[in-house]
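Working notes, structure below.
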Amino acid sequence: MTHVALCPSEIRRLSDTDLGGSTAVVFDVLRATSSMITGLSVGVAEIYPVKTVEEARAWKMKDPDLVLAGERGGLPLEGFDIGNSPYEFESLSGKRVVMTTTNGTVSIQLVRNAATVLIGSLLNIDSLAEHLSQKRPPVLLLVCAGTGEEFSLEDAIAAGALVSRLRERDDLTDAALSVKSLYERFEDHLEEWLFQTENARQLEKLGKGSDVHRCAQLSVYDVIGVLRNSAVVALRDNAIQGGLQC
Ligand code: MLT
C-alpha cells in the first residue's frame, strides 16, 4: 500500500496503530524537513527532533555542545542558537543539533515506531525516490506534517512528487492518487505555487521569502535522512546496500 496522511489529526490516529511494517516519509517542506536535509547535506552529524521547547532546552542543558534549533510561529525562540531556516543549517557541518518545530519534529515523533522513518523534501526528492524504488517497502506511508491542525498544500505537493516518481507502485490509495495528480498539475510551476501557500505567505511576512525559494528547489541534494534511534542522520551508501530495514 502507498498511502498519504494529509493532516495532523490523521498522523495522530496513525500513531496509535501498529506501524511496525511501514516505511514512513515525513514532509514538512516549509521548513523543518527541508532544513534537516540541508543540514545533512553539509555534514551535520545528528539532528534530534523533539516535540516541545522544554524538551529541547533540557537536551541542551544536559549537552551544551548541541546546537539548539527551532521555531514557534515561524520565529526563532528565546535562548535558541538558531531558528528553522535552511540557510542556518548550512553552517553546521560536523555539529549535533536538537530541534523543535511546530509540526515537523512532532510528526517525526508521532511515526517514530515505523520500521523506517525517512525525511522528505523537494530538495532530495529524486534520491529518495530512487532509494524507495530499490527497497520497495510493502507499506509506504507519506506523512504530510501540515501547519498547526491544518492541511498544507506544499507538503501534499512534495508527497505527490514522490508518488509520481514511484511509477512501479500500483498500490496507491485515493489520497496517494490525489497528491500525484496535484503534483503533476503543478510541477512546471512548482515555485510559483509554493509561494501561493499560506505558509509561504506567512514566511514572506516574516521576511523569510528566501527560505521559500530555497525549499522549492528540486533535487539539489542526494542525501537521504533517516531516523536512527533518536537522531536523524544521513543514510550512507553501505547502509543502503546492506539492506537497512525499509
Ligand atoms: C513546522 O514544523 O511547523 C515548520 O517547519 C514551521 C516553520 O518552519 O516555520
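Annotations for the structure displayed:
- Pairwise centroid distance, computed over Cα atoms, of region 82-152 with region 1-62, Å: 5 Å
- Of the GluC sites (Glu not before Pro) found in region 112-155, those in coil by DSSP whose Cβ has at most 14 other Cβ atoms within 10 Å are Glu149.
- The chain: antiparallel DSSP beta bridges as a percent of all, rounded to 5: 30 percent
- The Cβ shell under 15 Å around Pro76 holds other residues with a net charge of 0, Lys and Arg each +1, Asp and Glu each -1.
- Amide H partners (placed H, <5 Å) of Val232, local residues excluded: Ile47, Tyr48
- For Val143, distant residues with modelled amide H under 5 Å away: Ala5, Val25, Val26, Phe27
- Loop sites in region 60-91: GluC sites (Glu not before Pro), DSSP, at most 11 other Cβ within 10 Å: Glu78
- Peptides 9-19, 176-186, 214-224 ordered by packing proxy, namely the average of other Cβ atoms within 10 Å per residue, highest first: 214-224, 176-186, 9-19.
- Each label was represented as a point 7 Å from its Cα along the Cα-to-Cβ direction; for Glu168 and Lys135 these points are 1.4 nm apart.
- From phi via Karplus (6.51, -1.76, 1.60), per-residue ³J(HN,Hα) for region 226-232 in Hz, x at Gly/Pro: 9, 7, 10, 6, 9, 10, 7
- Sequentially through region 165-175, phi angles give Karplus couplings (6.51, -1.76, 1.60; θ = phi - 60°) of 7, 9, 5, 6, 7, 10, 10, 6, 6, 4, 5 Hz, Gly and Pro residues having no value and appearing as x.
- Proximity of backbone amide H atoms, modeled 1.01 Å from N, is registered between Val44 and Gly94 at under 5 Å, excluding neighbours fewer than 5 places apart on the same chain.
- Relative contact order (percent, whole number), the chain, Cα cutoff 8 Å, 6+ residue spacing: 32 percent
- Here the sum of -39500 (n - 2.57) over DSSP H runs of 4 or more residues, divided by the residues of the chain, equals -11500 deg cm²/dmol at 222 nm, to the nearest 500.
- Each other residue within a Cβ distance under 14 Å of Asp65 adds +1 if Lys or Arg and -1 if Asp or Glu, for a net charge of +1.
- Projected label points at Asp63 and Glu90, each 7 Å from Cα along the beta carbon direction, are separated by 2.7 nanometres.
- Net charge, Leu227 excluded, C-beta distance under 13 Å - Lys, Arg +1, Asp, Glu -1: +1
- Förster-model FRET efficiency, 22 Å R0, Leu206 and Phe151, C-beta, rounded to 0.05: 0.55
None of the figures in this text is laboratory data; all of them are computed from the coordinates on show. Keep in mind that what you see is a predicted model, and the values were worked out from it rather than measured. Quick reminder, even Gly has a Cβ in these numbers, built from the backbone with ideal geometry, and neighbours come from all protein chains shown.
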